[in-house]
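Worksheet: the structure to be examined is printed underneath.
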Amino acid sequence: MIILGIETSCDETSAAVVENGHRVLSVATASSEKLHQKTGGIIPESAAREQLSCMIPVLEETLFQFQPKIKPQKVLEKIDALAVAYGPGLIGSLLVGVETAKTLSLVTGKPLIPVNHLEAHLFANWLEKEPNQFPQMPGLGLIASGGHTELVLVNKKGKGYQFQLLGQTRDDASGECFDKCARVLDLGYPGGPAIAQSAQKAEKKLINNPPFSLPRPMIDQNNLDFSFSGLKTAVINQARKLQQKNLLNEEMKNFFAWEIQEAITDCLVKKTIQAAQKYPAKTLLLGGGVMANQALREKFQKETEKLGLKLFIPKVGFCTDNGTIIAAAAHFNHQPVHWSKISPQSSLAI
Ligand code: KG4
Ligand code: ZN
């Protein structure tokens, strides 16, 4: 089964051809990140316009990589089904991918599979694995992205999978917190990689002798929810204090970034451990853009060894939004729907 997956939920335009949900045959992704660097964050209208100009070239590139000697129109004949992220995401961005996929389904007659893009982040863990290495169920899933932070229990159900929401952020998402804190420190967009880069340069003398610490909201509460907006406010207040004293120099900024990264990753890891102690999971499945963070990956590696869970973290390129995860989710967990029944959903729940 060969699936062409399309992802346009935010600022990436991506298409990929994946065989049997795990073998990546080709992938092309364009990002409008550079545009959003100018504004320090995403303006949905600009992101949607970029999707429009990138969608067809990205499709062409993916089809070319898959079958370089054949015209794109003919390559489509070699595809068994189309899959598209129909939510959650920015409505203008989603529209571009969804309408493109519907059009392809209409003209080729190929089945079209709508995919929840949050679920897809977890199916990144099936990519480039052999079937005997696929995650066993039940699995505990943590999705940490720019728009969402959710803990879910994943189980097999019939031929597919079902997701039970265990906890989620009550305000900002973890990726959003990275992005907004980076803006406060003037580190650039997207904030996650910018903070990680700055944190790497933090000096040991400040780490060992911290000039201040940031809160880890809700970390000791007996529930599986997250909260990041208080951390963001603490960052704004701390930055103001340091600026007033003329202390927000390069060295201090690097320590600041390190402490932000520590605070966010501590919250993610601690709540996941709490969930693992409460629910009988065999595997821990991580996914979403924030999982590209090296410090977080290392913390999870250390903690899951203690918990005796088998840990699955997608390779960095499969953490952020892209077509491969959509094709994987479509293969393992979805049924085709007639194109006329699919429309983009901005706030689709898991
Ligand atoms: O999953 P994703 O590509 O898009 C959404 O579904 O939102 O996640 C994007 C988020 C952004 O907030 C970005 O700052 C964050 O993932 N991110 C990171 C890193 N790379 C991307 N956060 C922390 N460390 C990183 N290395
Ligand atoms: Zn995403």
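The values are calculated or read from the model by the stated rules, or taken from the named source; none is laboratory data. Values in this document were obtained by computation on a predicted structure and should not be read as measured data. Please note: Cβ atoms are built from the backbone with ideal geometry, for glycine as well, and neighbour counts cover all protein chains shown. For the accessible areas, the whole protein counts, side chains as well, though only heavy atoms, and no ligand, DNA or RNA atoms are used. Shrake-Rupley method; radii C 1.70, N 1.55, O 1.52, S 1.80 Å.
For the subset of the stretch 126-163 comprising residues that are assigned to a loop (DSSP other than H, G, I, E, B) and of a type in the set (Lys, Arg), which member is farthest from Leu284 (Cα to Cα)? Let's see the steps before the verdict.
Applying the first criterion (assigned to a loop (DSSP other than H, G, I, E, B)) to the stretch 126-163 yields 127-130, 134-138, 145-148, 158-159.
From what's left, of a type in the set (Lys, Arg): 129, 159.
Numbers: Lys129: 16, Lys159: 21 Å.
For the stretch 126-163, the residue satisfying everything is Lys159.
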In the stretch 264-274, residue nearest to ligand 1 (Cβ to nearest atom) [restricted to those that are buried (at least 21 other Cβ atoms within 10 Å of the Cβ) and not hydroxyl-bearing (Ser, Thr, Tyr)] = Ile264
Identify all residues within the stretch 46-65 that are over 21 Å from the mean Cα position of the chain (by Cα) and open to solvent by 30 Å² or more (accessible area, probe 1.4 Å); write none if there are none.
-> Arg49, Leu52, Ser53, Ile56, Pro57, Glu60, Glu61, Phe64, Gln65
Give me the pairs: first residue in the stretch 297-320 and more than 23 Å from Asn132 (Cα to Cα), second residue surrounded by fewer than 15 Cβ atoms within 10 Å (Cβ to Cβ) and at pLDDT 95 or above, beta-carbon distance under 9 Å, and six or more apart or on different chains, which are they?
-> Arg297/Val316
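Quick grid of which residues meet (1) within 16 Å of ligand 1 (Cβ to nearest atom); (2) touching a residue at least 40 places away in the same chain (Cβ under 8 Å); (3) buried (at least 16 other Cβ atoms within 10 Å of the Cβ); (4) of a type in the set (Asp, Glu):
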position: Val115; (1), (2), (3), (4): yes, yes, yes, no
position: His121; (1), (2), (3), (4): yes, yes, yes, no
position: Ala124; (1), (2), (3), (4): yes, yes, yes, no
position: Leu142; (1), (2), (3), (4): yes, yes, yes, no
position: Gly147; (1), (2), (3), (4): yes, yes, yes, no
position: Glu150; (1), (2), (3), (4): yes, yes, yes, yes
position: Lys157; (1), (2), (3), (4): no, no, no, no
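Return yes or no: is Val290 within 16 Å of ligand 2 (Cβ to nearest atom), outside any loop (DSSP other than H, G, I, E, B) and either open to solvent by 40 Å² or more (accessible area, probe 1.4 Å) or β-branched (Val, Ile, Thr) (or both)? Write out each step before concluding.
Numbers: within 16 Å of ligand 2 (Cβ to nearest atom): yes; outside any loop (DSSP other than H, G, I, E, B): yes; either open to solvent by 40 Å² or more (accessible area, probe 1.4 Å) or β-branched (Val, Ile, Thr) (or both): yes.
Yes.
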Using beta carbons and a limit of 6 Å, which pairs, at least six apart or on different chains, have the first residue in the stretch 8-22 and farther than 27 Å from Ser46 by Cα and the second one β-branched (Val, Ile, Thr) and surrounded by fewer than 24 Cβ atoms within 10 Å (Cβ to Cβ)?
-> Val18/Val24; Glu19/Ile2
For the stretch 59-90 the number of residues that are of a type outside the set (Lys, Arg) and closer than 25 Å to Lys341 by Cα is 16
The one condition Thr29 fails out of (1) in contact with a strand residue (DSSP E or B) (Cβ under 7 Å, 6 or more places away or on another chain); (2) assigned to a helix (DSSP H, G or I); (3) in contact (Cβ under 8 Å) with a residue 60 or more places away in the chain is (2)
